[in-house]
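Presented below is the structure to which this report refers.
The values are calculated or read from the model by the stated rules, or taken from the named source; none is laboratory data. Since this is a predicted model, take the numbers as computed values, not measurements. Glycine gets a Cβ as well: all are built from the backbone with ideal geometry, and neighbour counts include every protein chain shown. Just so you know, the surface numbers come from the protein's heavy atoms only, side chains and all, with ligands and any DNA or RNA stripped out. Shrake-Rupley method; radii C 1.70, N 1.55, O 1.52, S 1.80 Å.
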Amino acid sequence: MGESYKVAVIGAGIAGLLTARELKREGHHVTVFEKASKVGGIWVYDPRVETDPLGLDPNREIVHSSLYKSLRANLPRQAMSFLDYPFLKKEGEDDQRTFPGHEEVLRFLEDFARDFGLMELIQFGHQVSRVELVNEVTHEWVVESRTGETESTWESKEELFKAVVICTGNQTEPKIAEFPGRETWPGLQMHSHNYRTPEGLENKIVVLIGNGPSAHEILKEISPLAKQVHQVIRGPSVENYDSPWQHPMDGKVVFQDGAIVDADVIIHCTGYKYHYPFLKSNGIVTVDDNRVGPVYKHVFPPSLAPWLSFVGLNTWSVIFRVMELQARWVAKVLSGTVELPSQEAMASSIEELYSEMEKKGLPKNHTHSLKSDEFEYVSWLAAQLNIKPLKRWKEVTVVSFIERIVQHGENFRDTWDIDKWMQEIDSSD
């Protein structure tokens with residue numbers, strides 16, 4: 001075991017819990033700051049919705065979770081297991097399904113936190129308002145957090161740390177579809193972040209924008225109740241929706257193909273923005289069109305490494321696996337048992353990634369997507385940690401899941417024999 005530091009972890013969702021465990025294993029002194037009163041991050045169902053249903057008002061009270069009440073995982077337990085801590089079906093538990101509901105995922109995360117002694121490291125009810133480097137020579141960071149429900153009862157405190165790991169997730173700050181007339185459209189507009197149940201959509205004409213998992217699930221759930229549901233999906237360009245626009249002064253939504261819908265509700269199922277309002281880095285780390293940068297291998301900003309890091313930035317991946325390896329990498333780099341390349345080498349690796357993306361015509365908001373190189377990335381992380389990549393990592397990726405989900409149709413969670421598929425992978429040459 002090498003160096004031991006005082007490390008702050010921001011957030012006690014999946015990324016924060018994994019990071020806390022790995023830091024603790026490496027002998028670091030860990031404090032986890034968590035705004036909520038329990039672990040689990042986005043897996044904690046919160047029936048409350050935000051006062052601004054589109055999530056645009058900067059002064060709204062932010063509700064962290066985006067879960068709707070009926071949500072079931074779209075990855076099976078096997079893909080949400082950790083290397084040494086499988087997500088097993090437990091005797092006596094109500095939910096024995098391979099694709100469990102959100103309550104069962106939360107139980108798994110609570111068990112994980114308890115079994116690895118993480119609960120005592122977590123400061124619940126602490127919202128982080130500032131993370132800032134205060135001493136460049138000694139690499140000291142200040143973490144300012146506040147407790148209290150309302151502004152009048154807030155109490156702030158500051159604490160110094162040698163390193164900070166940001167694990168706040170990327171599914172809280174809504175990204176909405178922009179189209180002419182959006183701001184003046186008279187009906188109800190909401191982001192899927194603020195969708196909980198189909199109540200209130202009975203006999204309504206709904207326009208649903210988006211084509212991701214939440215769009216499909218919400219569409220399926222509201223269709224029996226709503227009068228009509230019209231799904232708007234992206235056109236051939238990655239950037240442009242087949243965007244509705246509005247005639248002045250009425251509720252009509254006009255589509256690019258000329259169709260007109262007299263809609264009551266528009267639901268934006270259009271994803272999220274990376275958002276770190278607490279991070280004061282003097283412009284070193286920025287978010288530009290959902291590119292958090294510069295970060296080496298999606299984790300370390302070169303000029304602040306290893307004292308500032310991110311775990312869980314990636315999309316289009318079996319994210320539990322990715323986060324576990326990232327967390328272990330951060331912990332071992334901090335303890336000195338794994339070395340980072342030079343600052344210059346890390347910066348040039350990032351430049352290389354950006355120029356590759358530009359050559360392929362990929363927009364900045366694809367920077368953290370592992371859609372085309374998930375196996376390469378997790379194998380690279382494993383190599384840093386002297387872990388032999390598991391055979392199933394190559395076959396079990398988000399892309400392979402989506403292919404099979406499409407094959408099995410909308411009831412894939414109940415018709416697909418995942419165990420059989422996994423056995424075939426493990427027994428193949």
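Any idea how many residues of region 68-83 are among the polar types (S, T, N, Q) and assigned to a helix (DSSP H, G or I)?
The total comes to 1.
Go through region 363-417 and give me each residue that's under 24 Å from the mean Cα position of the chain (by Cα), part of a helix (DSSP H, G or I) and aliphatic (A, V, I, L, M).
Within region 363-417, Val378, Leu381, Ala382, Val398, Val399, Ile402, Ile405, Val406 qualify.
Got at least one residue in region 272-295 being closer than 30 Å to Arg392 by Cα, aliphatic (A, V, I, L, M) and modelled with pLDDT of 95 or more?
Yes, because at least one residue in region 272-295 is closer than 30 Å to Arg392 by Cα, aliphatic (A, V, I, L, M) and modelled with pLDDT of 95 or more.
Report every pair of residues separated by at least 6 positions or lying on different chains whose Cβ atoms are under 7 Å apart, first residue within region 193-213 and part of a loop (DSSP other than H, G, I, E, B), second charged (D, E, K, R) and open to solvent by 10 Å² or more (accessible area, probe 1.4 Å).
Arg196/Lys69; Thr197/Lys69; Pro198/Glu221; Asn203/Lys227; Lys204/Lys227; Lys204/Asp264; Asn211/Arg234
When region 359-383 is examined, which residues are found to be touching a residue at least 40 places away in the same chain (Cβ under 8 Å) and within 14 Å of Ser400 (Cβ to Cβ)?
Scanning region 359-383 gives Leu370, Lys371, Glu374, Val378.
Mind checking whether some residue in region 410-420 is in contact with a Ser or Thr (Cβ under 6 Å, 6 or more places away or on another chain), modelled with pLDDT under 95, open to solvent by less than 50 Å² (accessible area, probe 1.4 Å) and over 30 Å from Glu140 (Cα atoms)?
Yes, because at least one residue in region 410-420 is in contact with a Ser or Thr (Cβ under 6 Å, 6 or more places away or on another chain), modelled with pLDDT under 95, open to solvent by less than 50 Å² (accessible area, probe 1.4 Å) and over 30 Å from Glu140 (Cα atoms).
Quick check on Leu106: is it surrounded by 12 or more Cβ atoms within 10 Å (Cβ to Cβ), closer than 30 Å to Val396 by Cα, modelled with pLDDT of 95 or more and in contact with a helix residue (DSSP H, G or I) (Cβ under 6 Å, 6 or more places away or on another chain)?
Taking the combined requirement at face value, the residue satisfies it.
Would region 144-153 turn up any residue that is over 25 Å from Leu88 (Cβ atoms), open to solvent by less than 20 Å² (accessible area, probe 1.4 Å) and not polar (S, T, N, Q)?
no
Which of the residues that make up region 1-39 are of a type outside the set (Gly, Ala, Ser), closer than 17 Å to Lys157 by Cβ and within 22 Å of the chain's Cα centre (by Cα)?
If the condition is that a residue be of a type outside the set (Gly, Ala, Ser), closer than 17 Å to Lys157 by Cβ and within 22 Å of the chain's Cα centre (by Cα), then Val9, Ile10, Thr31, Val32, Phe33, Glu34, Lys35 are the ones that fit.
Conditions tested, residue by residue: (1) closer than 25 Å to Glu103 by Cα; (2) in contact with a Cys (Cβ under 6 Å, 6 or more places away or on another chain); (3) charged (D, E, K, R).
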residue: Tyr5; (1), (2), (3): no, no, no
residue: Gly41; (1), (2), (3): yes, no, no
residue: Leu54; (1), (2), (3): no, no, no
residue: Asp57; (1), (2), (3): no, no, yes
residue: Val63; (1), (2), (3): yes, no, no
residue: Leu71; (1), (2), (3): yes, no, no
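For region 2-47, name all the residues that are part of a loop (DSSP other than H, G, I, E, B), closer than 19 Å to Leu308 by Cβ, in contact with a strand residue (DSSP E or B) (Cβ under 9 Å, 6 or more places away or on another chain) and open to solvent by 30 Å² or more (accessible area, probe 1.4 Å).
Answer for region 2-47, where residues must be part of a loop (DSSP other than H, G, I, E, B), closer than 19 Å to Leu308 by Cβ, in contact with a strand residue (DSSP E or B) (Cβ under 9 Å, 6 or more places away or on another chain) and open to solvent by 30 Å² or more (accessible area, probe 1.4 Å): Ser4, Tyr5.
Filtering region 85-103 down to residues that are in a loop (DSSP other than H, G, I, E, B) and of a type in the set (Phe, Trp, Tyr), which residue is surrounded by the fewest Cβ atoms within 10 Å (Cβ to Cβ)?
Selected residue: Phe99.
Residue check: is Gly283 assigned to a loop (DSSP other than H, G, I, E, B), in contact with a helix residue (DSSP H, G or I) (Cβ under 6 Å, 6 or more places away or on another chain) and at positive phi?
Criteria not met by Gly283.
Of the conditions (1) assigned to a helix (DSSP H, G or I); (2) of a type outside the set (A, V, I, L, M); (3) open to solvent by 40 Å² or more (accessible area, probe 1.4 Å), Ser349 fails just one. Which one is it?
(3)
Could we say that Gly336 is without any contact (Cβ under 8 Å) to a residue 12 or more places away in the chain, at positive phi and not β-branched (Val, Ile, Thr) here?
The answer is no for Gly336.
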